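> Below are the structure tokens for one structure; questions will follow.
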Amino acid sequence: MFAITKRKGELLELIKLLQDPNESKRKEGVKRVVKLMTLGKDVSRLFTDVLGCMHTEDIELKKLVYIYLMKYSKFKPEQSILVVNTFVTDTQDPNPLIRALAIRSMGCIQVEEVNEYMCQPLRACLKDKDPYVRKTAVIAVVKLFENNPELAERQGFLQNLIDLLSDSNPSVVSNSVAALSEINESLSRPIFQINSSLLYTLFNAMNECNEWGQIFILDSLTKYSPQNNKETQVIIQRLLPKLTYSNPAIVLSTIRNILHFAQLLDNQKAFISYSKQVVPPLMTLLGSQHEIQFVALRNIILIVQRWPQLLEHEIKIFFCKYNDPVYIKLAKLDILSILVSDRNVDLLLREFKDYSKEVESSFARKSIQAIGLCAIKLEKAAERCVNTLIDLVKEKINFVQEIVVVIRDIFRKYPNRYEKAIGVLCGNLDVLDEPNAKAALIWMLGEYAEHIDNSRSEELLQSVLEMSTEQETNPDLRERAFMYWRLLTKEAKVSKEIVLRTKLPISQKSFLYEPTTLTELLRNISFVSSVYHKTPSSFINNVKIFLRKTNDFQDEDEDEDEDEIEDENENENQNENENENENQNNIDIDIDIDNDNDNDNEKNNQKDKHPQSKSKLTTRINRSKNKEIDLILFDNQNTNTNTNQKENLQKEEMKLDNSLFESIAPKSQPKQLLLTAQQGKGLTINGALQLRGTEIFFDISLTNKLPKPMKITAIFFNKNLFGLKPSGLNINSIVPSGKTIDKSIHCPLDVSHSDRSKKTLSIQVAIQNNLGVHYFVFKPNFQVFLKPNPVFDKKDFVKEWKKIPDFNEYSLEFIISEIDSNSVKQKLIANSFTFITQRKEEEFDIFYFVANLFTNELILVELNLDISSQTCLVYFRTTESLYIPFIFFLNHF
């Protein structure tokens, strides 16, 4: 029976329409098929019949067929090849609409063979005389890159996009910017960077392209680093007219850019002058539709956290109106809580008090919390805030329970100052039924029992302990009650010090974003993350793609002449010197680097504090410019080095003790405590990852501390950096009472279980027994993921070193003591690094090593050891920069 409908014969009816010689009948048939497709019905059985309708001059019919193909081509890859010739023919059609439609649709077909055939027509469309075809082809390049990144790079399409940035048509330019920006987000190295000449090209295009194009260009501008204050001011001046634009997205993007560039100015007065110009457009947005108001308010929350002075005089515009939706009211309360000061606190307290009497529970509760924040932020106004809360309790408002929680926080901020509120709260015990409110009041009763008449705390404590030890069946709760009972019986003073210890300080900052998160959110004003107040990495898993240079795909001659290699290295170094300024920003985006000026200055200051280390590093860079002998000729005697080291590479000075080289790391890792008996409800787990040959195992010891046997049923690893995954989920082991059993679980690496967004080696584990599911996290040693003793010679080393781009080369500096060259060599060999060769140059002993991860990424190391100055300079290249934080910290994980 035909699956797409319950009406018998509709299949035959649709087939008849699709095969009808009358074009209007065929169009009607394709329309019905597309309609069923949009309703979620499976119409894949009509694939061949729909393909027969492609050969037509009717643009509408052709669009319908292409829509169908984009949906079902991935399910019919072999039949999809049949349409390639039609696509190629359409890309040469005299009508530019058909040419654009063909290349766009071709890019959306996710079939590998179609991608191969797409290259030639796509290249022609990128150079088409019609700008509409060119701008459509630009988007097709992005589609091709999503399907096959290496093909897009090898065919030179990424370079074509860069060339189109200077196109005469502004829509083509804006689409190119959008395409390159999206591709940049997926790459481990940036291919698109704005320089001074391109900057003004983009400004000119932005004035003429459509609104979406303007947004794309504005989004890309924040990645540009001005050369001086004058250029920064010119950029801001060019942006200011966009603040009056009618499109809210353009306004918010412009505000983000102005605030970003204004921070780069050395003159504080200039910053204030420019930043205040964003206030009127923000106020204008608050007069728009509710949805736009909400987006504006969420962005304003971030702005006032960093620069409250910008809106401190506009506070009344954030007062809540009776007809505001509740989500608008809550956002306004957040802003008012941040802007409260000694000058306006009385005005805001009156507002908050009125809001606390509203019927809407979330709004009223938030208003009460706002009063508490005023007290915590302003010590001079704390008394007035507490009196306001007491008045609300006496007025019997509906949310007394929220007041209890807020007063608890005020007591933590100002201990032993406002105990008068306790008596008022105790008179309303009958209305407390929420756990948070009960817990807050119990805390206050315990902390201030001496100030409360008839608190009867001793009798209450006796009763609670008796119930917990005699009637409670939960072993953890019973065990804790016994602990407190013994503690109170033997050492009452010690018990008081433990239970009534100094509380953690509380301040308004406890309710705000920490500076690093706030900085990242401000960089994303006008994006979704600024509305959700979540950093992009927290809800987007962006997998980085590593692309080799174009010439890396060409076949290399293993017998290449040494002189030719020397000439090539000389040319590369000359190009490096010529492009030094441009490459300053060419840093791998996988590395977390804060580009703020303050942090840069701090780094420079740290370098200046170690003149000896700095001179060694400079010496090493200067030595790298000696090009007399190629790397292949390394031996243990008098040779020179040529590593193409760039002065503008990222250099991270790390001052460590010699613990890295203290001893040879054991091959077998000691087990660590992973799950306590309290966390596991009687189950204790000790374990560690072990490398046996070329296989990884998770060795665990399971201890049952319950008075009855325990059944362990399953174990599961969450997605992690390397894709480590137990080969079998089921364990099905019985652990007798008071006994320990050992298990060794094979854990192969599974690409589908890998999450490259993880920036840590930590592995999240869930283990199930008959009492439930228990969770724990552990950090394995990085050494476990290294293949032991990869086979590598000098020639292989040189070949791989050259394959890895210069921007994937990194350097570290160690301060060591009482160490010799042989110990360093043996240490790395013990950690699965293969020794290649070593040589002596001036005061340096230079070693070369390679390591191979089980994920087949390589780590190539050049280690320069100066025993006299106790300095170790390490240069390494890796095909995957994600592993950089772990490479030279083997003993610390």
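Only the coordinates and a few stated rules stand behind these numbers; no lab work does. Values in this document were obtained by computation on a predicted structure and should not be read as measured data. Methodologically, a virtual Cβ is constructed for each residue, glycine included, from the backbone with ideal geometry; neighbour enumeration extends over all protein chains shown.
> Once you wrap a convex hull around the alpha carbon atoms of region 456-506, what is its projected area averaged over all directions, in nm²?
4.6 nm²
> Above 21 Å lies some portion of the pair distances; for region 16-138, what is it as a whole percent of all C-alpha pairs?
So the pairs more than 21 Å apart make up 37 percent of the total in region 16-138.
> Okay, next question. Quick check on the exposure proxy: order 317, 217 from fewest to most C-beta atoms within 10 angstrom.
Details: 317 12, 217 24.
Ascending number of Cβ neighbours within 10 Å: 317, 217.
> From the phi angles alone, apply the Karplus equation (6.51, -1.76, 1.60; θ = phi - 60°) to region 295-310 and give each ³J(HN,Hα) in whole Hz, x where the residue is Gly or Pro.
Couplings: 4, 5, 5, 5, 6, 5, 4, 5, 5, 6, 5, 8, 10, x, 5, 5 Hz.
> In which sequence would 368, 59, 215 go, from the one with the fewest C-beta neighbours within 10 Å to the one with the most?
Numbers: 368 25, 59 12, 215 21.
With the sparsest Cβ surroundings first, the list reads 59, 215, 368.
> At q = 0.13, 0.23 Å⁻¹, what log₁₀ I(q)/I(0) does region 672-780 have when each alpha carbon counts as one equal point scatterer in the Debye sum?
For region 672-780 at q = 0.13, 0.23 Å⁻¹, log10 I(q)/I(0) is -0.46, -1.31.
> For the residues 76, 143, 396, what sequence is obtained by ranking on other C-beta atoms within 10 Å, fewest first?
The order, fewest Cβ neighbours first, is 396, 76, 143.
> Pop out the ³J(HN,Hα) list for region 34-50 in order, Karplus 6.51 cos²θ - 1.76 cosθ + 1.60 with θ = phi - 60°, rounded to Hz; leave Gly and Pro as x.
5, 4, 5, 5, 5, 7, x, 7, 8, 10, 5, 5, 9, 4, 5, 5, 5
> Of 223/534; 276/332; 357/377; 779/827; 357/420; 76/725, which ones are farther than 27 Å apart at the Cα?
76/725
> Pick out, in residue order, every one of the chymotrypsin sites (Phe, Trp or Tyr not before Pro) in region 245-344 that is DSSP loop and has at most 15 other C-beta atoms within 10 Å; say none if there are none. List each step's numbers first, then the result.
Numbers: sites: 245, 261, 271, 274, 294, 318, 319, 322, 327; in loops: 245, 319, 322.
Sparse-neighbourhood loop chymotrypsin sites (Phe, Trp or Tyr not before Pro): 245, 319, 322.
> Can you compute 3J(HN,Hα) from phi for each residue in region 279-289, using the Karplus curve 6.51 cos²θ - 1.76 cosθ + 1.60 with θ = phi - 60°, rounded to whole Hz and x for Gly and Pro?
Karplus values, whole Hz, x for Gly and Pro: 5, x, x, 5, 5, 5, 5, 6, x, 8, 4.
> Can I ask one more? Provide the packing ranking of 691-697, 833-839, i.e. peptides ordered by the mean count of other C-beta atoms within 10 Å per residue, highest first.
Answer by packing, highest mean first, reads 833-839, 691-697.
> Taking H as built 1.01 Å from N, whose amide H comes closer than 5 Å to the amide H of residue 841, not counting residues under 5 places away?
846
> Are there any GluC sites (Glu not before Pro) in region 163-234 that are in a DSSP loop and have at most 14 other Cβ atoms within 10 Å? List them by number.
Here the sparse-neighbourhood loop sites are 208.
> Scan region 332-405 for GluC sites (Glu not before Pro) in coil per DSSP, keeping those whose Cβ has at most 16 other Cβ atoms within 10 Å, and list them by number. The partial results should precede the final answer.
Values: sites: 351, 358, 360, 379, 383, 395, 402; in loops: 358, 360, 395.
Within region 332-405, the qualifying GluC sites (Glu not before Pro) (loop, at most 16 other Cβ atoms within 10 Å) are 360, 395.
> Residues with amide H under 5 Å of residue 714's amide H, sequence separation 5 or more or different chain, H placed in the peptide plane at 1.01 Å from N; which?
Long-range HN contacts for residue 714: 731, 732, 768.
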